[in-house]
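The next block holds one structure in the form of structure tokens; read it before the comments.
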Amino acid sequence: MSDVTELIHQYLRHNKKFPHVFCPGCGHGIVLGSLIRSVHELALSKDEVVLVAGIGCSGRIAVYVDFNTVHTTHGRALTFATGIKMANPDLKVIALMGDGDAFSIGGNHLIHAARRNIGVTALVLNNSIYGMTGGQSSATTPKGAVSQTAPFGHLEKSFDLVKLASAAGANGVSRGTVFHVNMLDRLIAEAVSRPGFNLVEIMSPCFTQYGRKNKFKSAVDMFKWLKTETSPLESWEQLPPEEKAKRLPIGTFLAGQEPGLEVLYGNLRDDLAAKEQPR
Amino acid sequence: MSKKSKGQTIITIYPDWCKGCGICVAFCPAKVLELDAAGKARVAHPEECINCGFCERHCPDFAISVVPRGRKKRLPPELENGV
Amino acid sequence: MATPRKTKKQVLFAQGNEAVVEGALLAGCTFFAGYPITPSSEIMEEMARRLPRSETGVFIQMEDEIASMGAIIGASLAGRKVMTATSGPGFSLMQEHLGYACMTEVPLVIVNVMRGGPSTGLPTSPAQGDVQQARWGTHGDHPIIVLSAASVQECLEMTVTAFNFAEKYRSPVILLLDEITAHTREKIELPLPGEHEIFNRVVPSMPPEWYKPFEDTMRGVPSMPPLGSGYRYHVTGLTHDVMGFPTQQPDEIKALIERLFRKIDQFYTDIMLVDEYLTTDAEVGVVAYGSVARSAELAVAQAREAGVNAGLLKLKTLFPFPRPFVERLARSCKTLIVPEMNMGQMSREVKRVAASLTHIRTLNRIDGQIITPSQILKAITQG
């Protein structure tokens, strides 16, 4: 349990300004810590990790950590990640996106990355809002919630990221929160080690742009919500339907072992070479 | 494992990095931490610490370190695993 | 399939799209990502057959052109020579990442086989309507290299050139073809190994902790390590400092943008490629590019037979605009004719640099039909 913070400090870029830009109580810093511990736990070198980030608050995480970091365009992180992984399958490619990033503007890229099962780990930091641009509705803003673009309450339904990624064909799908950090460490480490496309939805509350407009008194209040309104998947499944609807299940939903596209392509190349060899 | 003994840790807070979000204070099971007048976390009751590690894992700003007493604080160089 | 003792050139009967593939493979392209679109699809189809048969080649069909660009940028960062191919509507979608590649200085080649537009336009008919989009399609101030090809053989050669420029200047390079060049079949010769100089990007060789990823150099082109090689750095589309980190410092912003321009500007003589045909004594000059340049060549020859001193300046580099060549021709000619399959996109540039030097006539066609030699001949003889 010790050395957690010292360990993290060793992975940060010492020429960057700290504390980082995130608001007080923002979960994004916790996700960065969790990611670093997972990478360390898996004994990956800094050189073999490529962190590909999108645009938004989550996209700003990449600048702080001493991996190979690529801060891409809004919603397109997975397309870059796909190219990197196909070009060099030895790299561990982790795409870091927000909910608007991954599921609104980048929704098409996400379902296709899942379908083609590219060996990329997608971490989606879901704060239910567009934080950086000032608190507009996103594809995960709950129905009824207030935002800058839904001042009278959001009329639309929100995406269930777990169901969406599962239906699209992802190998691994899980959901964690920044309150359940030990579980989050495990979910990220498992996702990074599993073959093919793995998505981890991470509930990371935004008090500044979402919480204070939606009856949360503080960032702490939002963490309490994460604590009390979520259930580990195993116990959630035992709940009666009306309770299920109220509570958010967290844990691992899918853990397939299909090889990633980059592996299949390498095999294809080997097969073709073998066929053309004897002549 | 025997019952956890209390107060066997050195808790360091880096006020320059603390943004005063209060997560560590609110969730510390032993009520070790509190916010000071400047709104930053401070160690009020180190003798109560049970070394659960919640605060350092949940500090979004990497501003708290909890290390067991008698243990070297710095990581050995081999843990630095860049190639 | 290749025999090592080849001294005679292999001859192919190929269309322009296939020649592009030959050129790309010759230049060392090992990564292609694309999305099908007429009239460029043959390029990706041929890549799908060829790349997996090479040692490290990768072909991937993406979900759209935005994704295709993302994938090739990612692969280029990982050290590959990369290409995508598209046509008008797809090229529009690529503009976002074209800007990203300019800002992050990622070498890549985009082949745009132009068709009639705007919008879905004329998918199977030729046009040259994307010239100014290639120059200015993405937002923000940026330099860009745009090339064209007039024949199938040139499709091969200009593709090699496109890769060389991309790698040499760490810049996206756009190769503009038109539907005619892309689909015409003619005899081409494959160059012998070593016949074309192949340029590979410069990689850093100092200890990694000393590497400054976007440092200014004499050439203005920083060295570029592949991801995972020990040179860990930050890549961002945000305006960045020499370490690659976002900046809002006016002096750092200025230094970056000026370097991006300078690294292209100072090598104009290397980048501006033209072919001149009978221009030395020309009184009527034709400035043309792409398939129109072939019509123009015939028209010039016929004009000479008819006693008119005509000459052709064929632009192989469209941007940076080959200003010195156009100016020189403009000084010696009483008229410059700019035939093109659009409403006047390259003629804007010609007028910009030569309006005060000579009389400039445009010859535009936007009905999905080729500009014929007789149309150009008529313009020449009318003076």
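Observations on the structure shown:
- Tally of residues being touching an Asp or Glu at 6+ places or on another chain (Cβ under 6 Å), touching a residue at least 40 places away in the same chain (Cβ under 8 Å) and β-branched (Val, Ile, Thr) across the range B:1-42: 0
- The number of residues in the range A:217-265 being under 30 Å from A:Ile118 (Cα atoms), open to solvent by 70 Å² or more (accessible area, probe 1.4 Å) and either among the acidic types (Asp, Glu) or part of a strand (DSSP E or B) (or both) comes to 3.
- Residue in the range C:183-190 that is within 21 Å of the chain's Cα centre (by Cα) and buried (at least 22 other Cβ atoms within 10 Å of the Cβ) present: yes
- When C:Asp281 is tested against (1) part of a helix (DSSP H, G or I); (2) closer than 23 Å to C:Val353 by Cα, exactly one condition is not met: (1).
- Counted residues, the range A:1-32 - those being closer than 24 Å to A:Lys92 by Cα and in contact (Cβ under 8 Å) with a residue 60 or more places away in the chain: 4
- Within the range C:249-265, at least one residue is modelled with pLDDT of 95 or more, closer than 30 Å to A:Val21 by Cβ and outside any helix (DSSP H, G or I).
- Residue in the range A:177-194 that is of a type in the set (Lys, Arg) and closer than 30 Å to B:Gly20 by Cβ present: yes
- Qualifying positions in the range C:293-328 - among the aliphatic types (A, V, I, L, M), open to solvent by less than 40 Å² (accessible area, probe 1.4 Å) and not in a loop (DSSP other than H, G, I, E, B): C:Ala293, C:Ala296, C:Ala299, C:Val300, C:Ala301, C:Ala303, C:Ala310, C:Leu312, C:Leu313, C:Leu315, C:Leu318, C:Val326
- Residue in the range C:53-71 that is open to solvent by 30 Å² or more (accessible area, probe 1.4 Å) and either outside the structural domain of C:Ser119 (by TED's automatic domain parsing) or of a type in the set (Asp, Glu) (or both) present: yes
- Residues in the range A:7-32 that are surrounded by fewer than 18 Cβ atoms within 10 Å (Cβ to Cβ), of a type outside the set (A, V, I, L, M, F, W, C) and facing chain B (nearest Cβ under 7 Å): A:His9, A:Pro19.
- Taken over the range A:64-84, the criterion of being within 7 Å of another protein chain (Cβ to nearest Cβ), over 16 Å from the mean Cα position of the chain (by Cα) and in a helix (DSSP H, G or I) is satisfied by A:Gly83, A:Ile84.
- Of the residues making up the range A:39-55, those that are touching a residue at least 60 places away in the same chain (Cβ under 8 Å) and surrounded by fewer than 24 Cβ atoms within 10 Å (Cβ to Cβ) are A:Glu41, A:Leu42, A:Leu44.
- Residue within the range A:162-175 that is hydrophobic (A, V, I, L, M, F, W, C), over 22 Å from A:Asp101 (Cα atoms) and part of a loop (DSSP other than H, G, I, E, B) present: no
- Cβ-Cβ contacts under 7 Å between residues 6 or more apart (or on different chains), taken from a first residue in the range C:366-379 that is of a type outside the set (Lys, Arg) to a second residue that is open to solvent by 60 Å² or more (accessible area, probe 1.4 Å), are listed as C:Ile366/C:Met343; C:Gly368/C:Leu122; C:Pro373/C:Leu298; C:Pro373/C:Gln302; C:Leu377/C:Gln302; C:Ala379/C:Arg361.
- Residue among B:Ile11, B:Ile64, B:Ile23 that is touching a strand residue (DSSP E or B) at 6+ places or on another chain (Cβ under 6 Å) and either within 22 Å of A:Cys26 (Cα to Cα) or open to solvent by 60 Å² or more (accessible area, probe 1.4 Å) (or both): B:Ile64
- Residue satisfying condition, being part of a strand (DSSP E or B), surrounded by 14 or more Cβ atoms within 10 Å (Cβ to Cβ) and within 14 Å of chain A (Cβ to nearest Cβ), within set C:Val235, C:Val286, C:Val242: C:Val235
- In the range C:29-55, the residues that are more than 21 Å from C:Asp178 (Cβ to Cβ), assigned to a strand (DSSP E or B) and among the small types (Gly, Ala, Ser): C:Ala33
- All conditions but one from (1) open to solvent by 10 Å² or more (accessible area, probe 1.4 Å); (2) more than 14 Å from chain B (Cβ to nearest Cβ); (3) under 23 Å from A:Leu35 (Cβ atoms); (4) not in a helix (DSSP H, G or I) apply to A:Val200; the one that does not is (1).
- Checking each residue in the range A:234-279 for being more than 21 Å from A:Ser174 (Cβ to Cβ) and among the hydroxyl-bearing types (Ser, Thr, Tyr) picks out only A:Tyr265.
- Annotation: C:Ser125 fulfils all but one of (1) more than 8 Å from chain A (Cβ to nearest Cβ); (2) buried (at least 24 other Cβ atoms within 10 Å of the Cβ); (3) small (Gly, Ala, Ser); the unmet one is (2).
- For A:Ala139: the one exception among (1) out of contact with any Ser or Thr (no Cβ under 7 Å at 6 or more places or on another chain); (2) of a type in the set (Gly, Ala, Ser); (3) not in a helix (DSSP H, G or I): (1)
- Count of the range C:222-232 residues which are of a type in the set (Ser, Thr, Tyr) and within 7 Å of another protein chain (Cβ to nearest Cβ): 0
- Close pairs from the range C:214-241: first more than 22 Å from A:Arg60 (Cα to Cα), partner aliphatic (A, V, I, L, M), Cβ under 6 Å, at least 6 apart: C:Glu215/C:Val242; C:Ser223/C:Val202; C:Ser223/C:Val203; C:Pro225/C:Val203; C:Pro226/C:Ala78
- Restricting attention to the range C:77-106, the residues that are within 20 Å of C:Thr239 (Cα to Cα) and among the small types (Gly, Ala, Ser) total 2.
- The C-beta contact set for the range C:304-328 (first residue over 21 Å from C:Glu157 (Cβ atoms), second residue among the polar types (S, T, N, Q) and open to solvent by less than 40 Å² (accessible area, probe 1.4 Å), distance under 9 angstrom, 6+ apart or interchain) comprises C:Gly311/C:Thr279; C:Arg328/C:Thr279.
- Consider the range A:41-63 and keep the residues that are within 7 Å of another protein chain (Cβ to nearest Cβ) and either in a loop (DSSP other than H, G, I, E, B) or in contact with a Gly (Cβ under 8 Å, 6 or more places away or on another chain) (or both). The one that is nearest to A:Met132 (Cα to Cα) is A:Val50.
- Filtered residues of the range C:268-294 (kept if small (Gly, Ala, Ser) and closer than 18 Å to C:Thr335 by Cα): C:Ala282, C:Gly285, C:Ala288, C:Ala293
The values are calculated or read from the model by the stated rules, or taken from the named source; none is laboratory data. Worth saying up front: this structure is predicted, and the values here are computed from it rather than measured. Heads up, the Cβs are rebuilt from the backbone with ideal geometry, glycines too, and the neighbour counts pull from every protein chain shown. What goes into the accessible areas is simple: the full protein's heavy atoms, side chains included, and nothing from ligands, DNA or RNA. Shrake-Rupley method; radii C 1.70, N 1.55, O 1.52, S 1.80 Å.
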